[in-house]
1. Taking the 0 to 90 degree range and rounding to the nearest ten, how far is the long axis of helix 50-63 tilted relative to the main principal axis of the chain, both from C-alpha atoms?
2. Using 22 Å as the Cα-Cα cut-off, could you pick out the over-long pairs in Lys30/Lys241; Lys295/Lys325; Lys7/Lys229; Lys58/Lys237; Lys252/Lys325?
3. Once the Cα atoms of the chain are picked out, what are the Rg and Dmax in Å?
4. Sort the stretch 200-298 into rounded, prolate or oblate with this rule: let a ≥ b ≥ c be the square roots of the eigenvalues of the Cα gyration tensor; rounded if a/c is under 1.5, and if a/c is not under 1.5, prolate when a/b is larger than b/c, oblate otherwise.
5. How compact is the stretch 131-256 by the rule of thumb for globular proteins, expressed as Cα Rg over 2.2 N^0.38 Å?
6. Within the set of other residues whose C-beta is less than 15 Å from the C-beta of Asp174, count the net charge using Lys and Arg as +1 and Asp and Glu as -1.
7. Sorted by accessible area (1.4 Å probe), largest first, how do Leu22, Leu209 line up?
8. Once you keep just the Cα pairs under 8 angstrom separated by 6 or more residues, what percentage relative contact order results for the stretch 38-83?
Amino acid sequence: MRSDLMKSGPTRAPHRSLLNALGISEAEMKRPFVAVVNSKSDYIPGHAHLDTVAEAVKAGIRNAGGVPFEFRTIGVCDGLSMNHTGMKYSLPSRELIADSIEVMLTAHPLDAVVFIPNCDKIVPGMLMAACRLNLPCIFVSGGPMLPGNYKGRRMGLNEMFEAVGSHAAGQITDEELTAMERTACPGCGSCSGMYTANSMNCLCEAIGLALPGNGSIPAVSGARLRLAKEAGERVMKLLEKNVRPLDIVTEKAIENAIRTDMAIGCSSNTVLHLTAVAHAAGRDITLDDFDRIGKATPQICKLNPAGSTFIVDLDEVGGITAVMKELARGGLVHTDCETVSGTVAEKIAGAPD
């Protein structure tokens, strides 16, 4: 085990003494050590509940015979940092997240990793770190926020930005603007439209590093916690079989992600992020590939903010697995690619049409 670098043999007695201080038992010392990388914070709605997700992940790891160790990363909410100098810090935070994870998991050599992102630059930062470290790993996000409802109209963050313009134009009153802002974002989860967070969480599925449902199961659903527990259990199987990110994140897998990106109308930020992930994985993916794949891929979902359909609606009809099944019907995805839960062909076999 990689963790033996800090826990095995007479020369590691000092290290074991520090682990003993954490309450690690003699039996646990012989088990795989699994990192749980959590981006929980109290002021990002998409991350406010990630402590609950992390506890489910850790339960899954223990169920499967591992010893979980959680640490946390920084995270920027693009919504809260918008329209002021804070937005200049959003993209650089991606590199800080990737670097900090690499530091933590090199200084402390654990055996496998479960990544718990949810918003904007945090997902790609963790993906980049996963490719650099190439340790057996799996992703499980916090899930999307439910859409809000104002006078029978479903809405999300995008509609609030539009409401600012409507208010400035005198089309809605102060009272109406206040009523909208109190209902647009009803609870925890990544913003309900197909923005960067939901886009990248869906593409984690498409690229093969997350279980089905990662991008679409609502944050407030018990199914999200079951998914987290399953992810904790699954990472132990990946460790046992020595399945690593670079076995999964191939050029064909990245093409599957780009294809899915085009089919569901993801955020244009995915171009920034998938090329960075490809670079971290040593894969030759360029803007020309986006252009080539985009021209040959139908858009089969028109999700908010492009339309009135939300990510939770996509979940109800099968989520990303159903999308990939539809793409496969047209020969538009590589079904032989490996994922954390079998090949793409195996994964989509049971998906609804």
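1. The angle comes out near 40 degrees.
2. Details: Lys30/Lys241 18 Å; Lys295/Lys325 19 Å; Lys7/Lys229 27 Å; Lys58/Lys237 15 Å; Lys252/Lys325 16 Å.
Too far apart for the 22 Å limit: Lys7/Lys229.
3. According to the Cα coordinates of the chain, Rg and Dmax are 20.6, 75 Å.
4. Details: a/c = 2.66, a/b = 1.40, b/c = 1.90.
Cα axes put the stretch 200-298 in the oblate bin.
5. Working: Rg = 19.0 Å, N = 126, 2.2 N^0.38 = 13.8 Å.
Normalised Rg, Cα atoms only: 1.38.
6. On the way: positive: Arg182; negative: Glu175, Glu176, Glu181.
For residues surrounding Asp174, the net value is -2.
7. Numbers: Leu22 120, Leu209 0 Å².
Heavy-atom accessible area, descending, gives Leu22, Leu209.
8. Working: 33 pairs, mean separation 19.4, N = 46.
Computed value for the stretch 38-83: 42 percent relative contact order.
The values are calculated or read from the model by the stated rules, or taken from the named source; none is laboratory data. For clarity, every value in this text was computed on a predicted model and none was experimentally measured. Ideal geometry is used to build each Cβ from the backbone, glycine not excepted, and the neighbour counts take in all protein chains shown. For accessibility, only protein heavy atoms count, side chains too; no ligands or nucleic acids. Shrake-Rupley method; radii C 1.70, N 1.55, O 1.52, S 1.80 Å.
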